[in-house]
Amino acid sequence: FDPRHYLGTHCYGFPKMGPYRLRFLLESVKDLRETLKKKGSTLVVRKGKPEDVVRDLITQLGSVSAVAFHEEVREM
């Protein structure tokens with residue numbers, strides 16, 4: 001979770017992440033974690049700037065061959 005997504009505004013003074021969207025996101029992540037657990041896997045969840053968190057996670061794991069990510073689309 002990138003703290004920058006929950007601060008400030010995006011367009012026209014509206015918050016980037018309101019309480020309903022945040023609740024939906026947290027429930028979705030919880031459901032995904034539970035689904036993966038039932039299949040014998042897990043979900044790693046971290047809070048922080050992705051550029052720091054991903055680097056630290058790769059260092060911690062040691063043998064990472066690929067990293068996939070997405071970037072937030074910004075409206076003009």
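The values are calculated or read from the model by the stated rules, or taken from the named source; none is laboratory data. Small disclaimer: the values here were computed from a predicted structure and weren't measured. Quick reminder, even Gly has a Cβ in these numbers, built from the backbone with ideal geometry, and neighbours come from all protein chains shown. In case anyone asks, the SASA skips ligands and DNA or RNA and just uses the protein heavy atoms, side chains included. Shrake-Rupley method; radii C 1.70, N 1.55, O 1.52, S 1.80 Å.
Within the range 17-34, one or more residues are modelled with pLDDT of 95 or more, among the hydroxyl-bearing types (Ser, Thr, Tyr) and part of a helix (DSSP H, G or I). Taken over the range 52-76, the residue count meeting the criterion of being of a type in the set (Asp, Glu), open to solvent by less than 100 Å² (accessible area, probe 1.4 Å) and over 17 Å from Tyr6 (Cβ atoms) is 1. Within the range 16-39, the residues that satisfy the criterion of being open to solvent by 100 Å² or more (accessible area, probe 1.4 Å) and either under 20 Å from His5 (Cβ atoms) or touching a residue at least 40 places away in the same chain (Cβ under 8 Å) (or both) are Tyr20, Arg21, Arg23, Phe24, Glu27, Lys30, Arg33.
Inspection of the range 1-15 identifies no residue that is modelled with pLDDT of 90 or more and open to solvent by less than 80 Å² (accessible area, probe 1.4 Å).
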